[in-house]
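Peer 1: Following this message is one structure expressed as structure tokens.
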Ligand code: TRP
């Protein structure tokens, strides 16, 4: 029996952090046995924000090494970089005819980028969701393991798939966000505001490449206060965030103990953060160490991506041939 198809992409700018791990990477690892998985580094997407291109290769290899270190098995999943599969660009072009300026301008991520970089509002940025749709539809994927911030993009992908099917004929399934039962996870940042991020608030974000001392330093600086004045107080958001992060890496009885301390107005945030720092070091350091080892062997990483691109192009080629036929672009056959 054919396995169901899964696609996900990782942007290659910035360092991977705890939010990437719990939002996406952990799900990739869980999916690799039961699904036919295509995971890629979204290097074309990275160009939308004009990164220093001399760093591209290094970022791509780092992202790959960290994902393998987190548990992805290149023997079980197809790993490649987007730019090695030109069929994606062709599908992107076809889909662009079905994507309207108004809806693209309304996308939250686009509006955020315009606000952050008003001097670089390029067409690639505007059509980011269309390229993402092409990434997914090129393998006719059913499931896309992504974090909460990608829900709107997926909804757009379903719309574009539907429009294509309606205009040209049935080809694409409507891809769904995938997570294991629980709600899509958002990992809050350590400063009480927003979530962990690849490029912003770096002191409040835990990266998979952070060394033990840096992890401890960041955790100990997390925003707290002098504790609740009376039992059963309401928990401020920045404290709730620390509990949430703790519940990801610490044992349930540890979280239970500090919750009880909070409820009895007896909590020592210094102790809680020390415990969290040690649990976090225990969680991150094996991933970091494996990634450093893997990254040293650049040739092996390149071989993995070459093999992945071949497999990805085979699947992509089948889809693009069908798409051309349905659109009516198969004059020479
Ligand atoms: N937009 C995603 C992000 O910012 C990355 C991405 C690009 C992606 N193409 C994709 C994710 C296709 C899932 C499927 O994280």
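Peer 1: Pick out the one residue from 16, 94, 79, 56 that is crowded, with 17+ Cβ neighbours inside 10 Å, away from the ligand (no atom under 11 Å from the Cβ) and closer than 25 Å to residue 185 by Cα. Steps first, please.
Peer 2: On the way: 16 fails: away from the ligand (no atom under 11 Å from the Cβ); 94 fails: closer than 25 Å to residue 185 by Cα; 56 fails: closer than 25 Å to residue 185 by Cα.
Exactly one residue qualifies, and that residue is 79.
Peer 1: Could you list, ordered by first residue, the pairs with Cβ atoms under 6 Å in which the first is in the stretch 310-333 and over 30 Å from residue 75 (Cα atoms) and the second is in a helix (DSSP H, G or I), at least 6 apart or interchain?
Peer 2: Short answer, once both residue conditions are applied: 326/168; 327/168; 330/324.
Peer 1: Just to be sure, is residue 5 within 26 Å of residue 315 (Cα to Cα) and within 11 Å of the ligand (Cβ to nearest atom)? Before you say what the answer is, go through the steps one by one.
Peer 2: Numbers: within 26 Å of residue 315 (Cα to Cα): yes; within 11 Å of the ligand (Cβ to nearest atom): no.
Criteria not met by residue 5.
Peer 1: I would also like to ask the following. For the stretch 286-309, indicate whether the set of residues that are within 30 Å of residue 169 (Cα to Cα), at pLDDT 95 or above and assigned to a helix (DSSP H, G or I) is non-empty. Spell out the reasoning first.
Peer 2: Within the stretch 286-309, the first condition is being within 30 Å of residue 169 (Cα to Cα), and the residues that meet it are 308-309.
Those left that are additionally at pLDDT 95 or above: 308-309.
Then keep just the ones that are assigned to a helix (DSSP H, G or I); that gives 308-309.
Yes, the stretch 286-309 has at least one match.
Peer 1: Do we have any residue at all in the stretch 168-181 that's within 11 Å of the ligand (Cβ to nearest atom), modelled with pLDDT of 95 or more, in a helix (DSSP H, G or I) and touching a helix residue (DSSP H, G or I) at 6+ places or on another chain (Cβ under 9 Å)? Working first, answer last.
Peer 2: Kept after step one, since they are within 11 Å of the ligand (Cβ to nearest atom), are these residues of the stretch 168-181: 175, 177-178.
Narrowing further to those that are modelled with pLDDT of 95 or more: 175.
With the extra rule that they be in a helix (DSSP H, G or I), the set shrinks to none.
Checking the stretch 168-181: not a single residue is within 11 Å of the ligand (Cβ to nearest atom), modelled with pLDDT of 95 or more, in a helix (DSSP H, G or I) and touching a helix residue (DSSP H, G or I) at 6+ places or on another chain (Cβ under 9 Å).
Peer 1: Another one. Taking the condition farther than 20 Å from residue 307 by Cβ, within 16 Å of the ligand (Cβ to nearest atom) and surrounded by fewer than 21 Cβ atoms within 10 Å (Cβ to Cβ), does residue 108 pass? Steps first, answer last, please.
Peer 2: Details: farther than 20 Å from residue 307 by Cβ: yes; within 16 Å of the ligand (Cβ to nearest atom): yes; surrounded by fewer than 21 Cβ atoms within 10 Å (Cβ to Cβ): yes.
So residue 108 passes the test.
Peer 1: Next question. Would you pick out the residues in the stretch 123-176 that are free of Cβ contacts under 8 Å to residues at least 60 places away in the same chain, under 14 Å from the mean Cα position of the chain (by Cα) and either buried (at least 20 other Cβ atoms within 10 Å of the Cβ) or over 24 Å from residue 18 (Cα atoms) (or both)?
Peer 2: 150, 153, 154
Peer 1: While we're on this one: Would you kindly identify the strands (runs of 3 or more DSSP E) lying entirely within the stretch 1-102 that contain at least 2 residues that are modelled with pLDDT under 95 and under 16 Å from the mean Cα position of the chain (by Cα)? Before you say what the answer is, go through the steps one by one.
Peer 2: On the way: elements: 5-11, 36-42, 78-81.
Ranges flagged: 5-11.
Peer 1: For the stretch 117-146, enumerate the residues that are assigned to a loop (DSSP other than H, G, I, E, B) and near the ligand (Cβ under 7 Å from one of its atoms). I'd like the intermediate steps shown before the answer.
Peer 2: Just the residues of the stretch 117-146 that are assigned to a loop (DSSP other than H, G, I, E, B), to begin with: 117-122, 127, 138-142, 145-146.
Listed by number, the list holds a single entry, 146.
Peer 1: Being under 16 Å from residue 224 (Cβ atoms) and either surrounded by fewer than 16 Cβ atoms within 10 Å (Cβ to Cβ) or touching a strand residue (DSSP E or B) at 6+ places or on another chain (Cβ under 7 Å) (or both) is the filter here, so list the residues in the stretch 267-294 that pass it.
Peer 2: Hits for the stretch 267-294 are 268, 270, 271, 274.
Peer 1: Of (1) within 14 Å of the ligand (Cβ to nearest atom); (2) out of contact with any helix residue (DSSP H, G or I) (no Cβ under 8 Å at 6 or more places or on another chain); (3) over 30 Å from residue 285 (Cβ atoms), residue 63 satisfies all except one. Which?
Peer 2: For residue 63, the failing item is (3).
Peer 1: Here's a follow-up. Applying the selection to the stretch 248-266, what residues are assigned to a helix (DSSP H, G or I) and surrounded by 14 or more Cβ atoms within 10 Å (Cβ to Cβ)?
Peer 2: 248, 249, 254, 255, 257, 258, 259, 261, 262, 263
The values are calculated or read from the model by the stated rules, or taken from the named source; none is laboratory data. Model, not experiment: these values are computed from the prediction. Because the Cβ atoms are built from the backbone with ideal geometry, glycine has one as well, and the counts that use them run over all protein chains shown.
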